[in-house]
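Worksheet for the structure shown next.
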């Protein structure tokens, strides 16, 4: 009689395991609650087989067992994840548990504020503090310049469409159809990526294509197509193109689009995904956009036409190899753009060339410990060929100007190590360290972070994280330099899910150090932000969903060494939506966004300058002492989905800023600055369209 | 509707018949008696029989009794397999509540089973398959927006079940079932046939073990025949009806489809 105990590697007894002899499985047995078994042995010329769900089957020749011993211990090993032909499950990033929100493709479509834009989908989160209606994410009071958008492992700088002086850039560069999921790190960007001192948005493209589909779309301002085609079982291609134009859109509502004369955009993208064998994946995404805009702009006392254009190309390519104990990846990116704008006596031309490459290895060291390490190279070259006003307030075409040509480049080489340790089923600890290898006169820096996630229960968790981060500013018209920036962050995030309700709360503090220039006059430094966030989502009556988001932000900053109130100091920042989604009828969504106005420095007086023939403004010494009027915006959107066999038609209409509220965006003055008036964010506009889908 | 909301077909499906194994292909297996685990011997049948009794008597006394016994046993032994069976029981408990017109309790019951399974660490193929099945059933109680997200979660859990054990017929069955009940406009109906054919080619259990699940094959036959009837592919419908009846001669769910095949 052979007896023994079956356990796993953690010394836990395995109940109900099969124990039998290879030659006569019908005479087998099963283990009891203690993992114990007894089995009659007739011949020693046989093999003992022990098996259980989720474990590797163990074969032990009886000849190798000392039958006289008190009992044998059999240790079963858990089955490792097998990549077979059926499954391609994209592994989550190592830092996934430390992201605040994971956004799937459908979240984008069902988010009324997003209007189908992946980065705009972040807007409804309390952590989003974007105030200028653009798609560039600003998280927890930081400037968009400090927040990074990473696309398939490659940073995409300036992710919104042409952002110029006139608040364009309403949409991002990304099409939701190519996106699988997005991770939002509102604070403490994971150090698997560099060059961020605020937050990070990580975008991943599709790994699987469910069906072949052709989409044609026609809206008030665009015509487009999107084709998704399977190539082989696990490989596919997605191609799309859109042409945007303003004639009808602006023509029917010119009164509410006073600053737009016309615009034209053509963009096209191609996404290729290949699975080679069982362990290798390749992905290639290439995108091109050509934009032009003509409108009206005002700055100081000059009002006139503004012309801007931008051509941009980027490609992101990934190689992934899955080994038994890890994932090896190479991510590369190339970005090139050329842009220019003319306004009064300003003429700016900017060309950007970027190259990015990263080699990473994610090593599943133990069942509960993962380590990821790698190296990245980020090269950026900026050329500015500018004509700028000699006197900043004299911008008319005839006012004196000067020319300057600036070129700068930056090579960022960084090494990193990121560790995630599941201490037990409730507690996970992570740490990251990232250091540059200084090139030329670069300062040596080391970013570091920690994260602790405590799962009170499956539906309730706490995340405590902190760290020190470094990044470089992105050059712009006002500052062509790439300044080294730093931040210290600490954050506590809480989430709780109950039956039909989802609640999130957070508090954080950060100190952002480093000179950042976003206008002609000031260089911000030492921005200190303390914030509290609340978010709740409630699903009720089968088809209704309500979300409410509240943020409190206390912010201060330093200008020329003196402390002032921060631009994003808000006692409240509310975003709320009410949605009715009935696939048999229609979907309708109401949205409200409200907050106090941002702070600015008023012009209090002026003096006439005979040289320029213009009045020179005199700013208040008390910086940021004025505040724009409170911002309130109500939107409504309606859509209907009609399915006809392999065809589907989606119609939609949205009315933005229903009550035509004049939300102040920047201050303007008459010729001698004696009278102040304002520019406004988007007034009431209507937008509608139709999409035809054909599955084949 | 994204998903066919009522999985009531499961009312007579996924039944916990006495352990059924493909006798011709599989080895039979003698279980040696163990001490304190008698409740778990043939537990699948015990749960199903309690469910049938509940339907007939329109009460859930018996199923609650088994639930309590499993709960006590879990407190004593702390075995993860007991969690599996407790969750499996919740599925039938939910159907019972639904039949008794108590939709709230039905939702709570299936949610409880889902929660237990989701809480399990290092889920194996059987855990994922049952989780996907419970989620598929529970979807009928959910808000439409949640349904859309749950649908992809169910699909993902089905895939995980297959990836962890490519010979687990329940994994294929659940995956196929989700695909079968997902309207084409939401990407459904593409994989059901392939996965059901795979499911019926596999044994209910690789080694007969009365503690472990054996459901799914009979249901896979039933769904495959229904699929061919839906497609009006009468030859294949009849072929798999005959195969199904041969393997499960007393199956109500398969035999009831005969009327739809007469004269075709």
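The values are calculated or read from the model by the stated rules, or taken from the named source; none is laboratory data. Given the structure is predicted, the values throughout are model-derived calculations rather than measurements. Here the Cβ is made from the backbone with ideal geometry for all residues, glycine too, and neighbour counts use every protein chain on show.
When segment A:546-573 is limited to residues that are without any contact (Cβ under 8 Å) to a residue 60 or more places away in the chain and more than 27 Å from residue A:525 (Cα to Cα), the one that is farthest from the other protein chains (Cβ to nearest Cβ) turns out to be A:548. In the condition set (1) in contact (Cβ under 8 Å) with a residue 40 or more places away in the chain; (2) closer than 24 Å to residue B:111 by Cβ; (3) under 17 Å from the mean Cα position of the chain (by Cα), residue B:165 is compliant with all but (2). The test for being modelled with pLDDT of 90 or more, in the same structural domain as residue A:145 (by TED's automatic domain parsing) and farther than 30 Å from residue A:437 by Cβ holds for residue A:231.
Going by the conditions given, is residue B:185 buried (at least 19 other Cβ atoms within 10 Å of the Cβ), touching a helix residue (DSSP H, G or I) at 6+ places or on another chain (Cβ under 9 Å) and either modelled with pLDDT under 95 or at positive phi (or both)? No, not satisfied. Among the residues of segment B:118-135, those that are more than 10 Å from chain A (Cβ to nearest Cβ) and closer than 20 Å to residue B:67 by Cα comprise B:130, B:131, B:133, B:134, B:135.
Restricting A:591, A:577, A:612 to residues that are crowded, with 17+ Cβ neighbours inside 10 Å, away from chain B (no Cβ under 14 Å), touching a residue at least 12 places away in the same chain (Cβ under 8 Å) and touching a helix residue (DSSP H, G or I) at 6+ places or on another chain (Cβ under 9 Å) narrows the list to A:591.
If you filter segment A:497-513 down to residues that are assigned to a strand (DSSP E or B) and within 14 Å of chain B (Cβ to nearest Cβ), you find that the one that is nearest to residue A:582 (Cα to Cα) is A:501. Run residue B:101 past the list (1) surrounded by fewer than 18 Cβ atoms within 10 Å (Cβ to Cβ); (2) at pLDDT below 90 and report the number of the one that doesn't hold. With respect to (1) surrounded by fewer than 18 Cβ atoms within 10 Å (Cβ to Cβ); (2) at pLDDT below 90, residue B:101 is out only on (2).
Within segment A:32-77, the set of residues being within 14 Å of chain B (Cβ to nearest Cβ), modelled with pLDDT of 85 or more and over 28 Å from residue A:367 (Cα atoms) comprises A:38, A:39.
Candidates B:154, B:145, B:207: the one that is facing chain A (nearest Cβ under 8 Å), in a helix (DSSP H, G or I) and either surrounded by 24 or more Cβ atoms within 10 Å (Cβ to Cβ) or touching a strand residue (DSSP E or B) at 6+ places or on another chain (Cβ under 6 Å) (or both) is B:145.
Residues in segment A:10-32 that are closer than 14 Å to residue A:57 by Cα and surrounded by fewer than 17 Cβ atoms within 10 Å (Cβ to Cβ): A:22 only.
Residues are listed down the side, and each one gets a yes or a no for (1) more than 30 Å from residue A:32 (Cα to Cα); (2) without any contact (Cβ under 8 Å) to a residue 24 or more places away in the chain:
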| residue | (1), (2) |
| --- | --- |
| B:211 | no, no |
| B:217 | no, no |
| B:226 | yes, no |
| B:234 | yes, no |
| B:240 | yes, no |
| B:251 | yes, no |
| B:254 | yes, no |
| B:259 | yes, yes |
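The test for being surrounded by 14 or more Cβ atoms within 10 Å (Cβ to Cβ) and closer than 29 Å to residue A:18 by Cα does not hold for residue B:240.
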